[in-house]
Amino acid sequence: MEKSNMYPNPTKEILHKRTSLAPESMKAWQNFSNTVFAEGALSEKTKHLIALAVAHVTQCPYCIRAHTKESMRMGASKEEMMEAIWVASEMRSGAALAHSALAMDEMEKE
């Protein structure tokens, strides 16, 4: 699949530049990320499946790639990953449907 030029490939150079511009913030974010994805009440695999689903809702191409790879590394099947993505899709479309109440409320004011 051809990659779009819209999103630059993540590189170590970009990481180093980003870190040099705000080293303490980057360190704090990395610590937060490591803490969030550590094994806990939820398994690491489950956490990455959740992140994969959320990445589709937030539409972050970098996150989609990263959490697909991490989910696979944690042993998630293609079927598990696709189900997580479908759950995200349902939640996204469900929100649009739920918010139609706002439009209907305005329509009733006429």
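How high is the FRET efficiency between residue 41 and residue 9 when r is their beta carbon distance and R₀ equals 35 Å, given to the nearest 0.05? Could you put the intermediate results ahead of the total?
Values: r = 35 Å, r/R0 = 1.00.
Once the sixth-power term is evaluated, E becomes 0.50.
Could you state the angle between the C-alpha long axis of helix 44-58 and the longest principal axis of the C-alpha atoms of the chain, as a value from 0 to 90 degrees rounded to the nearest 10?
In the chain, helix 44-58 runs at an angle near 50 degrees to the longest axis.
What number results when the radius of gyration of region 48-107, computed over Cα atoms, is divided by 2.2 N^0.38 Å? Walk me through the numbers on the way to the answer.
Working: Rg = 14.4 Å, N = 60, 2.2 N^0.38 = 10.4 Å.
Expressed relative to 2.2 N^0.38 Å, the Cα Rg reads 1.39.
In debye, nearest 20, what is the charge dipole magnitude of the chain about its Cα centre with +1 on Lys and Arg Cβ and -1 on Asp and Glu Cβ, if you could check?
On the way: 13 positive and 14 negative charges, 157 e Å.
Value, rounded to 20: 760 debye.
For the chain, compute Rg over Rh where Rg is the Cα radius of gyration and Rh is the Kirkwood radius from the inverse mean 1/r over Cα pairs. Write down the numbers at each step before the final one.
Working: Rg = 18.3 Å, Rh = 16.6 Å.
Reported Rg/Rh (Cα atoms, Kirkwood Rh): 1.10.
Only counting other Cβ atoms within 10 Å, I'd like 12, 69 sorted with the fewest neighbours first. Provide the component values of the computation, followed by the final result.
Details: 12 7, 69 12.
In increasing order of surrounding Cβ atoms, one gets 12, 69.
Stretch residue 17-residue 99 to full length: gain in nm at 0.36 nm per residue minus the Cα-Cα span?
Working: separation 82, 0.36 × 82 = 29.52 nm, distance 4.06 nm.
Here the segment from residue 17 to residue 99 would lengthen by 25.5 nm.
Please give the contour-minus-distance gain from residue 106 to residue 69: 0.36 nm per residue of separation, less the Cα-Cα distance, rounded to one decimal in nm.
Details: separation 37, 0.36 × 37 = 13.32 nm, distance 4.44 nm.
Length gained, residue 106 through residue 69: 8.9 nm.
Here, each number is a calculation from the coordinates, and none is a lab measurement. What you see is a predicted model, and the numbers here were worked out from it, not measured in a lab. Please note: Cβ atoms are built from the backbone with ideal geometry, for glycine as well, and neighbour counts cover all protein chains shown.
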